[in-house]
Amino acid sequence: MEIERPEMVALFYSALTSPNDVEQLFPFLSPKVEWILSAADPQTLGEDLPSNAIKFSGTEGFRQLALYFRDSLHVISGDLTGCIPHHHLVFSFGRVRLQTREAGRLAETNMAAKLTFQRSKIIKVQVRISWPLGLES
């Protein structure tokens, strides 16, 4: 099945916020794909691997990342709002909605991802969640 990179990015966002759908992305992942998640605060914006980063690897790493979004960050939904292909990279932007500790209250924050491709496979994904949402190890 041949799909374009922006379609893969849309599938990534969908699967990330719906952990039951992660297998749909597996055909487009390199076996050694790297996943890096970090908070996007002004001190770390220029770093590839900020000190607050959480790393996962492989296709199973994507499942772990999606579960982290659901169980630790309490992400309940998300939307891809923009996608910019550039050579072997795709920069994407979106919003995620989170359940807060206050019952019935939702929060929304920005998310950005840089996906690195090698031919038709994703080999590295760096995800940034906008500050002030901190990541808990």
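Values as computed for the structure displayed
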{"item": "Any hit, the stretch 54-65, residues being modelled with pLDDT of 95 or more, under 17 Å from SER18 (Cβ atoms) and of a type in the set (Phe, Trp, Tyr)", "result": "yes"}
{"item": "Cβ pairs under 6 Å, 6+ apart, first in the stretch 19-40 and touching a residue at least 60 places away in the same chain (Cβ under 8 Å), second among the small types (Gly, Ala, Ser) and open to solvent by 10 Å² or more (accessible area, probe 1.4 Å)", "result": "GLU34/SER57; ILE36/ALA53; SER38/ALA53; ALA39/GLY134; ALA40/SER130"}
{"item": "Residue in the stretch 121-137 that is modelled with the highest pLDDT, counting only those that are of a type outside the set (Ser, Thr, Tyr) and part of a loop (DSSP other than H, G, I, E, B)", "result": "TRP131"}
{"item": "Those residues of the stretch 71-92 which are buried (at least 16 other Cβ atoms within 10 Å of the Cβ) and either among the hydrophobic types (A, V, I, L, M, F, W, C) or closer than 16 Å to TRP35 by Cα (or both), in sequence order", "result": "LEU73, VAL75, LEU80, CYS83, VAL90, SER92"}
{"item": "Any hit, the stretch 105-113, residues being under 17 Å from LEU25 (Cβ atoms), among the basic types (Lys, Arg) and over 11 Å from the mean Cα position of the chain (by Cα)", "result": "no"}
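The values are calculated or read from the model by the stated rules, or taken from the named source; none is laboratory data. All of these numbers come straight from a predicted model, not from anything done at the bench. Heads up, the Cβs are rebuilt from the backbone with ideal geometry, glycines too, and the neighbour counts pull from every protein chain shown. Only protein heavy atoms, including side chains, enter the accessible area calculation; ligands, DNA and RNA are left aside. Shrake-Rupley method; radii C 1.70, N 1.55, O 1.52, S 1.80 Å.
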